[in-house]
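The values are calculated or read from the model by the stated rules, or taken from the named source; none is laboratory data. Quantities reported herein were computed from a predicted structural model and do not represent experimental measurements. Quick reminder, even Gly has a Cβ in these numbers, built from the backbone with ideal geometry, and neighbours come from all protein chains shown. All accessible areas refer to the heavy atoms of the entire protein, side chains included, with ligands and DNA or RNA removed. Shrake-Rupley method; radii C 1.70, N 1.55, O 1.52, S 1.80 Å.
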Amino acid sequence: MKTRKLGRLEVSEMGFGCMSISANYGPAADRNQGIEVIRAAHDKGVTLFDTAEVYGPYTNEELVGEALAPFRDKVVIASKFGFDNENGGTLNSQPNHIRKVVEESLKRLRTDRIDLYYQHRVDPNVPIEDVAHTVKDLIKAGKVLHFGLSEASAKTIRRAHTVQPVTAVQTEYSLMQRDPEKNGVLATCEELGIGFVPW
């Protein structure tokens with residue numbers, strides 16, 4: 001397995017998006033089967049595992065935490081915040097909410113740090129600078145190692161990056177979805193040295 005750099009973070013060229021084991025595209029898989037598949041991916045050289053509190057909700061982080069526990073220090077765990085699962089799944093990136101949910105994610109993931117913590121979706125009610133400052137504080141506290149953004153515009157990426165360097169941007173990008181080529185996101189990532197993670 002080759003590796004790539006997301007900012008200064010080195011990960012396997014192929015990451016494992018764990019979402020659909022627990023939800024979203026059809027019913028959840030059997031828990032033991034999900035754990036076996038995640039561990040098989042690690043055996044094949046995958047070191048980047050992607051989850052989020054909203055997947056399930058919560059059950060996917062629990063699954064990922066259990067599956068990766070035996071070799072936690074040899075993998076990179078990416079998770080995401082930004083939804084208020086207790087209030088209908090509305091967007092919520094208020095600083096107090098981020099500080100609350102990171103503690104809950106750490107427990108579910110059975111770890112003392114999240115290697116890459118993405119804002120899952122940009123919250124129009126919270127300045128991105130406030131989000132970046134909050135994540136910066138979590139990085140200083142050692143609870144988060146790297147800051148990411150998901151589905152953010154080029155302008156938002158730049159604004160966040162001035163407060164706390166952005167390590168990775170995750171955006172839909174495929175044969176059918178080519179927007180990052182046209183909307184400045186790929187160019188901005190290249191210019192600022194930010195890793196791009198397509199889903």
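Sub-6 Å Cβ pairs linking a first residue in the stretch 99-122 that is of a type in the set (D, E, K, R) to a second residue that is crowded, with 20+ Cβ neighbours inside 10 Å and not in a helix (DSSP H, G or I), at least 6 apart or interchain, are Asp115/Val76; Asp115/Ile77; Arg121/Gly82, ordered by first then second residue.
Mind listing whichever residues of the stretch 161-178 are touching a residue at least 40 places away in the same chain (Cβ under 8 Å) and crowded, with 21+ Cβ neighbours inside 10 Å? Break it down into steps so the answer makes sense when it comes.
Of all residues in the stretch 161-178, those touching a residue at least 40 places away in the same chain (Cβ under 8 Å) come to 165-168, 170.
Selection gives Val166, Thr167, Ala168, Gln170.
Inside the stretch 77-98, residues that are in contact (Cβ under 8 Å) with a residue 12 or more places away in the chain and surrounded by fewer than 16 Cβ atoms within 10 Å (Cβ to Cβ) make up a count of 3.
Which residue, of Ala152, Ala187, Ala141, is of a type in the set (Gly, Ala, Ser) and under 24 Å from Ser12 (Cβ atoms)? Before the answer, list the steps.
On the way: Ala187 fails: under 24 Å from Ser12 (Cβ atoms); Ala141 fails: under 24 Å from Ser12 (Cβ atoms).
Ala152 is the lone residue from the list that is of a type in the set (Gly, Ala, Ser) and under 24 Å from Ser12 (Cβ atoms).
Look through the stretch 52-76, keep the residues that are in contact with a helix residue (DSSP H, G or I) (Cβ under 8 Å, 6 or more places away or on another chain) and among the aliphatic types (A, V, I, L, M), and return whichever of them is most open to solvent (accessible area, probe 1.4 Å). Of everything passing the filter in the stretch 52-76, Val54 is most open to solvent (accessible area, probe 1.4 Å).
Of the set (1) out of contact with any strand residue (DSSP E or B) (no Cβ under 9 Å at 6 or more places or on another chain); (2) among the small types (Gly, Ala, Ser); (3) in a loop (DSSP other than H, G, I, E, B), all apply to Gly45 but (1). Inside the stretch 184-199, can you point out the residues that are outside any strand (DSSP E or B) and either of a type in the set (Lys, Arg) or open to solvent by less than 30 Å² (accessible area, probe 1.4 Å) (or both)? Passing the criteria: Gly184, Val185, Thr188, Cys189, Ile194.
Please state which one of Pro95, Pro57 is more than 23 Å from Phe196 (Cβ to Cβ) and within 16 Å of the chain's Cα centre (by Cα). Reasoning before the result, please.
Working: Pro95 fails: within 16 Å of the chain's Cα centre (by Cα).
Just one listed residue meets the conditions, Pro57.
If you go through the stretch 10-38 and keep only what is in contact (Cβ under 8 Å) with a residue 24 or more places away in the chain, farther than 30 Å from Ile194 by Cβ and in a helix (DSSP H, G or I), you end up with Arg31, Gly34, Ile35. Between Glu151, Glu181, Glu129, the distinction of being at positive phi and either more than 18 Å from the chain's Cα centre (by Cα) or open to solvent by 60 Å² or more (accessible area, probe 1.4 Å) (or both) belongs to Glu151 only.
Consider the stretch 147-163 and keep the residues that are part of a loop (DSSP other than H, G, I, E, B) and not aliphatic (A, V, I, L, M). The one that is nearest to Asn92 (Cα to Cα) is Glu151.
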